[in-house]
2 protein chains.
Amino acid sequence: MHISHGRSGQPSEQRTATFTGTVHLDPVMMVPGVMINTVIFTPGARTYWHRHPGGQLLVVTAGTGGDVVWAEPGEEHWHGACGDSLLTHLAVSHGTTEWGGEVGESDYTAAQP
Amino acid sequence: MHISHGRSGQPSEQRTATFTGTVHLDPVMMVPGVMINTVIFTPGARTYWHRHPGGQLLVVTAGTGGDVVWAEPGEEHWHGACGDSLLTHLAVSHGTTEWGGEVGESDYTAAQP
C-alpha cells in the first residue's frame, strides 16, 4: 500500500520540453509502471501530442467540474487549458510516455469549446 | 478516448453486500479492465476486505485532503470512513474485485487515527 498526502515531497517543477505555454507539475506518487502527477496549465498551455503504452487517466480537479478522461493505451492525444481558463488535473500515466510534436495553433484553436 | 462528466449516467446505488454501514456509489466510467466509481462512506462505514488483481488507485476528494492511495495488485485491504467523519473517494479498480469477509470492529477501531 502506498499513500501520498497529495504530493510525493519532490519539488514542484515547471515543465518546458514537450509542453506549450506555462505548465507546472507536482509529483504525487510513483509505483512500478504508474506515474501520478498533479499538473497545472495556465490559459493557452497544453501538452505536446503523446501516447501512453498502458493508457492514461485524467481527473480534472479545477477548471471544469469533475471530468474524468481515459486515453486508451497507445492513443495519440494531448490535453491542456482553454485559452481563457486554468486547468488542473491529476494525471495517472501507465507506462513510459512516448512524446510526439507540438500541438499547432490551428489544432488548438479548433478544440476550443 | 472516453470522457465522463463526473458520472456515467447510471443511477447512484446504495451498496450493502461487501460493505458495512451506509455506502453509496456513483458509477463514473468503465473501460476494459478498469472500473471507476465515486464512493461515499458515512461515518463508520467501510468496505469488506478485498483484493484487486491489477491494483486499485483511490483519490480522496472529501473527508481528508487530497490523499492518493495505491493498493498493489492482489494486496488484501479495505477502506472506509473514520468513526466521526464522511469519506468520499474516487476508486479506480483494475481487474475484477475479489471480495473477502467483513472488517471486524477491533480491526476497524485499531485503524482509527
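The values are calculated or read from the model by the stated rules, or taken from the named source; none is laboratory data. Bear in mind the structure is a predicted one, so any value in this text is a computation, not a measurement. Note: ideal-geometry Cβ built from the backbone for every residue, glycine included; neighbour counts use all protein chains shown. Side chains included, ligands, DNA and RNA excluded: accessible areas come from the protein's heavy atoms. Shrake-Rupley method; radii C 1.70, N 1.55, O 1.52, S 1.80 Å.
With the label put 7 angstrom out from Cα along the Cα-to-Cβ vector, A:Y48 ends up 4.9 nm from the copy partners, going from closest to farthest.
Before anything else, pin down the relative contact order of chain A: Cα pairs under 8 Å, at least 6 apart, normalised by residue count, whole percent. Reported relative contact order: 28 percent. Checking the a/c ratio against 1.5 first, then a/b against b/c, what shape does the Cα gyration tensor give for chain A? Prolate, since a/c reaches 1.5 and a/b exceeds b/c. Interface size, chains A and B: roughly 2000 Å² of accessible area buried, both sides included, 1.4 Å probe, rounded to the nearest 100.
Maximal additional length on extending the A:W99-A:S85 stretch stands at 2.6 nm, based on 0.36 nm per residue less the C-alpha distance. Using R0 = 22 Å, the C-beta based FRET efficiency linking B:V31 and A:V31 works out to 0.65.
Across the accessible surface of the protein assembly as shown, with the other protein chains kept in place and a 1.4 Å probe, carbon and sulfur atoms take up 56 percent.
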